[in-house]
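Student: Next up is a structure, given as structure tokens.
No value in this document is a laboratory result; all are computed from the given coordinates. Keep in mind it's a predicted model, so treat the numbers as computed, not measured. So basically every Cβ, Gly included, is an ideal-geometry build from the backbone, and we count neighbours across all protein chains shown.
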Amino acid sequence: MALPLAGAVTVSVLSGSAQADGGRVYCPPDGSPCRIIAEDTVTTPGQKGGDRGGSRQSGHSGGKPTCRDDSTGGAGQEVPCHLDGFGSWDSKTSCYYQLANPQPPAGDPAWEGRSPGDGAIYDAYCPNHDAGFLTQWFATPPGGAAQPVDPEVLALEAVKKMTLLGPDIASPKASGKFAVGMPVWMHINRSPNTFGPVTASASAGAVTVTATAKVSTIRWSMGDGTTVTCTKPGTPYKPAYGKRESPDCGHLYTTTSASRPGDKFTVTATSTWGIDWQGGGQSGQLTETRESQVEIAVGEVQVLG
């Protein structure tokens, strides 16, 4: 991230503040480098840009609150309450905060051992701190002011919690016996993580998004150059069905697998998950895919004379 708001500047000011082109010059009383703090450009009818919104209120009524940097001593240096790209001012820590977008993945050190959705990670810009930019976890939005939350980002976090898996292939089995011209019945074992529905939620501050996922199609790549798309988990085969073809998810091989590596076809089942989410006053759809594989041998029908 660039640092357009903080840095050493040369000015003819010993302490306090003065106006500079494009912003306010602030020189800390301890002699540390001066900084240019951009003026807030948000205005309301009948008001000037200096009447700002933020987390610390001024004494006059009817106008927007005023924000001050308490670390400057005395009454505090007035600062913009919001900076585009940096977030909203928190007078307690003298930093600007905004929700990190995207949120770090599970296991990232920023979560400090917590799970995504347990609070949220915020990017901080602290003009008067040596660190400058920080990334920190908060249970609630810092400064007590709601931070912008992208519900779709939370939807993606909810999807990560679901542990969506590829199809649990029950047939064809690697140990099965398959022959050219004989019907193959494909089906999977159903579970929430392999077929759905499965539901999970993620939260950031006061916003909670809930997502529900279920498999819409399973695309079977049979290894012989053909594909079969099924909208159902498939029907298990029973000996009583004889040579009948599957009513909802089947295939008929016309060649053997003898010319393939290991004398087997690699069958790949790819599930497409349709995900509906809602929260934060919005709703939408997402799509995820997962796959599983099995290798099967297909031979010629042996006729005994």
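Student: Grab the alpha carbons of region 155-299, take their convex hull, and tell me the volume per residue in Å³.
Tutor: 103
Student: Taking 8 Å as the Cα distance limit and 6 or more residues as the minimum spacing, I'd like the relative contact order of region 155-299 as a percentage.
Tutor: The normalised contact order for region 155-299 reaches 32 percent.
Student: Suppose a student asked you for the relative contact order of region 84-226, using Cα pairs under 8 Å spaced at least 6 residues apart; what percent would you report?
Tutor: 21
Student: So for each of 187-196, 236-245 I average, over its residues, the number of other beta carbons within 10 Å; can you give me the resulting order with the highest mean first?
Tutor: 187-196, 236-245
Student: How large is log10 I(q)/I(0) at q = 0.22, 0.25, 0.31, 0.33 Å⁻¹ when the Debye formula is applied to the Cα atoms of region 248-287, each weighted equally and without solvent?
Tutor: -0.84, -0.93, -1.07, -1.11
Student: Give the cross-link partners of LYS264 among the lysines, using a straight C-alpha distance below 22 Å as the criterion and excluding same-chain residues fewer than 8 apart.
Tutor: Hits, sequence-local ones excluded: LYS173, LYS177.
Student: Same structure again: Which of the GluC sites (Glu not before Pro) found in region 260-305 are in a DSSP loop and have at most 12 neighbouring Cβ atoms, other than their own, within 10 Å?
Tutor: Of the GluC sites (Glu not before Pro), the ones in loops of region 260-305 whose Cβ has at most 12 other Cβ atoms within 10 Å are GLU300.
Student: Right, something else. Could you tell me how far the Cα centroid of region 173-214 sits from the Cα centroid of region 101-137, in Å?
Tutor: Between the Cα centre of region 101-137 and that of region 173-214, the gap is 33 Å.
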